[in-house]
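Peer 1: First, the structure itself, so that you have it in front of you.
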Amino acid sequence: MKRIYLDHAATTPVDPRVVEAMTPYFSQKYGNASSLHEWGREAREAIERARKEIAKRMKVFPEEIYFTSGGTESDNAIIKGIAWANKDKGKHIITSKIEHHAVLNPCEWLEKQGFEVTYLPVDEYGVVDLDALQDAIKKDTILISVMAANNEIGTIQPLKEISEIARDKGVYFHSDAVQAYGKIPVDYTSLDAASVSSHKIYGPKGVGLMYVKQGTKIEVFMHGGGHERGRRSGTENVPGIVGLAKATELAFDHMKENAEHEEKLRKKLVEEVLGIPNSWLNGHPEKRLPGNAHFGFDFIEGESLLLLLDQKGIAASTGSACSTGDLRPSHVLLALGLPHEKCHGSLRLTIGRENTMQEIEYTAEAVREAVEKLRAISPYGK
Ligand code: PLP
């Protein structure tokens, strides 16, 4: 059976060129980067080369990059680290209602430690309300954390405007850039901190980075042997870091053509799928990640739709793959103002650079058939 992968927001295959770059660092150049002998020096050089290549593409200083185990760790380390280091100045944090749980859950944990968190509303497309942000900032606000692009509905946030507000008020600004990194241009220098994950850009899982602008007051999250200039201890994942650098190079150096390809396929998919009666697109019509299409369908359950598509060899999702087994309506869709019943019939198809127009046409037809089949047996009508 033909298999079509359309779940690139959950994870991506590792690009063969990334595998090739990583391979020597498993069994040939396997030294510990802290060791003083040649094996160690080889590993250290690979890490520092990776740091430089990444910094060059993010247009930041290499010293501002710290390798981590991925997006979740970077979000936790930055949010808890900034909160802890600045608690004498204030204990108020601002984030949005549609953040990933890697941001929302650390914020909830901080609330239990005596911090106060404001969760900003978004409009019907998922864009953060800038007036609400202005109003929410208080004397004791120390951090604003707003994602660059949403993992479920793909909406891109106005980072430039938020960073101007944050700078004007002297508040740190962190952005979870996991879904945006390497896919759309982001001015990292306008941020004080950012989180990045490798497995969303055709790199390996279990590695990522945090960008922390020089001069940012942040407490250490992971204590130990003092790796990453004391900011993130733990023996460095050398193959992973080399893989992240290669994946970064491929994503940034071909960003425009990848985006054009994905957007072309997405537009076709949206056009075809919206031909199905009682269907709609969630997220912003234009300000969205090039490969993200997120649909809603009346009268059906998203999970049943997924199963039917899976039977046809198509990998899709109802939203966030990171909250597995959770059947509650998505917090992102609820924040858009959709009633509960409209949140259940959702389908996220996220396109990658290896997908073809033929695959998109096949998928659109499969979605139409699956929706018709489910509606025919739905007690709620058609
Ligand atoms: N933040 C966002 C927006 C994400 O989409 C994800 C993963 O889905 C994460 C954070 C977590 O990243 P990781 O899987 O590298 O821990």
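The values are calculated or read from the model by the stated rules, or taken from the named source; none is laboratory data. Everything numeric in this text was worked out from a predicted model, so none of it was measured. When we count neighbours, we look across all protein chains shown, and the Cβ atoms used for this are built from the backbone with ideal geometry, even at glycine. Note: areas computed on protein heavy atoms with side chains; ligands, DNA, RNA excluded. Shrake-Rupley method; radii C 1.70, N 1.55, O 1.52, S 1.80 Å.
Peer 1: Examine region 70-78 for a residue that is open to solvent by 50 Å² or more (accessible area, probe 1.4 Å), within 12 Å of the ligand (Cβ to nearest atom) and either in a helix (DSSP H, G or I) or closer than 20 Å to Lys169 by Cβ (or both), and state whether such a residue exists.
Peer 2: So far as region 70-78 goes, yes, one or more of its residues are open to solvent by 50 Å² or more (accessible area, probe 1.4 Å), within 12 Å of the ligand (Cβ to nearest atom) and either in a helix (DSSP H, G or I) or closer than 20 Å to Lys169 by Cβ (or both).
Peer 1: How many residues does region 20-58 hold that are without any contact (Cβ under 8 Å) to a residue 60 or more places away in the chain and among the aliphatic types (A, V, I, L, M)?
Peer 2: Final tally of qualifying residues: 2.
Peer 1: Take the residues in region 1-15 that are within 16 Å of the ligand (Cβ to nearest atom) and touching a strand residue (DSSP E or B) at 6+ places or on another chain (Cβ under 7 Å), then tell me which one is most open to solvent (accessible area, probe 1.4 Å).
Peer 2: Residue satisfying both the conditions and the ranking: Tyr5.
Peer 1: Quick one: in region 79-98, which of the residues that are open to solvent by less than 10 Å² (accessible area, probe 1.4 Å) and assigned to a helix (DSSP H, G or I) is nearest to the ligand (Cβ to nearest atom)?
Peer 2: Looking at residues that are open to solvent by less than 10 Å² (accessible area, probe 1.4 Å) and assigned to a helix (DSSP H, G or I), I get Ile79.
Peer 1: Now for a separate question. Residue by residue through region 342-366, note down the ones that are farther than 17 Å from Leu307 by Cα and in a helix (DSSP H, G or I).
Peer 2: Within region 342-366, Lys342, Cys343, Met357, Gln358, Glu359, Ile360, Glu361 qualify.
Peer 1: How many residues does region 60-69 contain that are assigned to a strand (DSSP E or B) and away from the ligand (no atom under 12 Å from the Cβ)?
Peer 2: Residues flagged as assigned to a strand (DSSP E or B) and away from the ligand (no atom under 12 Å from the Cβ) within region 60-69 amount to 3.
Peer 1: If you go through region 16-31, how many residues are surrounded by 14 or more Cβ atoms within 10 Å (Cβ to Cβ) and closer than 30 Å to Gly230 by Cβ?
Peer 2: Count: 7.
Peer 1: Still on this structure, I have one more. Is it the case that region 38-55 has a residue that's outside any loop (DSSP other than H, G, I, E, B), in contact with a Gly (Cβ under 8 Å, 6 or more places away or on another chain) and within 16 Å of the ligand (Cβ to nearest atom)?
Peer 2: No, region 38-55 has no match at all.
Peer 1: Suppose the filter is surrounded by 21 or more Cβ atoms within 10 Å (Cβ to Cβ) and not β-branched (Val, Ile, Thr); does Ala46 pass it?
Peer 2: Taking the combined requirement at face value, the residue satisfies it.
Peer 1: Does any residue of region 350-362 turn out to be modelled with pLDDT under 95 and open to solvent by 60 Å² or more (accessible area, probe 1.4 Å)?
Peer 2: No, there is no match, as no residue in region 350-362 is modelled with pLDDT under 95 and open to solvent by 60 Å² or more (accessible area, probe 1.4 Å).
Peer 1: Exactly one condition in (1) under 27 Å from Ala293 (Cα atoms); (2) within 16 Å of the ligand (Cβ to nearest atom); (3) not charged (D, E, K, R) is not met by Pro121; state its number.
Peer 2: Of the numbered conditions (1) under 27 Å from Ala293 (Cα atoms); (2) within 16 Å of the ligand (Cβ to nearest atom); (3) not charged (D, E, K, R), the odd one out for Pro121 is (2).
Peer 1: Anything in region 329-349 that is touching a Pro at 6+ places or on another chain (Cβ under 6 Å) and surrounded by 21 or more Cβ atoms within 10 Å (Cβ to Cβ)? List them, or say none.
Peer 2: Cys343 - this is the single residue of region 329-349 that is touching a Pro at 6+ places or on another chain (Cβ under 6 Å) and surrounded by 21 or more Cβ atoms within 10 Å (Cβ to Cβ).
Peer 1: Restricting attention to region 132-151, which residues are touching a Gly at 6+ places or on another chain (Cβ under 7 Å) and within 16 Å of the ligand (Cβ to nearest atom)?
Peer 2: Scanning region 132-151 gives a single hit, Asn150.
Peer 1: Looking only at region 182-201, which residues are within 11 Å of the ligand (Cβ to nearest atom) and part of a helix (DSSP H, G or I)?
Peer 2: Answer for region 182-201, where residues must be within 11 Å of the ligand (Cβ to nearest atom) and part of a helix (DSSP H, G or I): Ser198, His199, Lys200.
Peer 1: Only one of Gly114, Gly154 is among the small types (Gly, Ala, Ser), out of contact with any helix residue (DSSP H, G or I) (no Cβ under 8 Å at 6 or more places or on another chain), more than 16 Å from the ligand (Cβ to nearest atom) and on the phi > 0 side of the Ramachandran plot. Can you tell me which?
Peer 2: Being among the small types (Gly, Ala, Ser), out of contact with any helix residue (DSSP H, G or I) (no Cβ under 8 Å at 6 or more places or on another chain), more than 16 Å from the ligand (Cβ to nearest atom) and on the phi > 0 side of the Ramachandran plot holds for just one of Gly114, Gly154, which is Gly114.
Peer 1: May I pose another question? Kindly evaluate Asp176 against the criterion of being within 20 Å of Gly81 (Cβ to Cβ), within 16 Å of the ligand (Cβ to nearest atom) and out of contact with any Phe, Trp or Tyr (no Cβ under 9 Å at 6 or more places or on another chain).
Peer 2: Yes; evaluated as a whole, the condition is true for this residue.
Peer 1: Which residue is nearest to Ala193 (Cα to Cα), if the candidates are limited to region 164-180 and must be over 19 Å from the mean Cα position of the chain (by Cα) and among the small types (Gly, Ala, Ser)?
Peer 2: Ala166
Peer 1: Among the charged types (D, E, K, R), more than 21 Å from the chain's Cα centre (by Cα) and in the same structural domain as Met222 (by TED's automatic domain parsing) - does that describe any residue in region 65-85?
Peer 2: No, the conditions are met nowhere in region 65-85.
Peer 1: Still on this structure, I have one more. Of the conditions (1) open to solvent by 30 Å² or more (accessible area, probe 1.4 Å); (2) touching a strand residue (DSSP E or B) at 6+ places or on another chain (Cβ under 8 Å); (3) modelled with pLDDT of 95 or more; (4) over 18 Å from Tyr25 (Cα atoms), Asp187 clears all except one; give me its number.
Peer 2: That leaves (2) as the condition not met.
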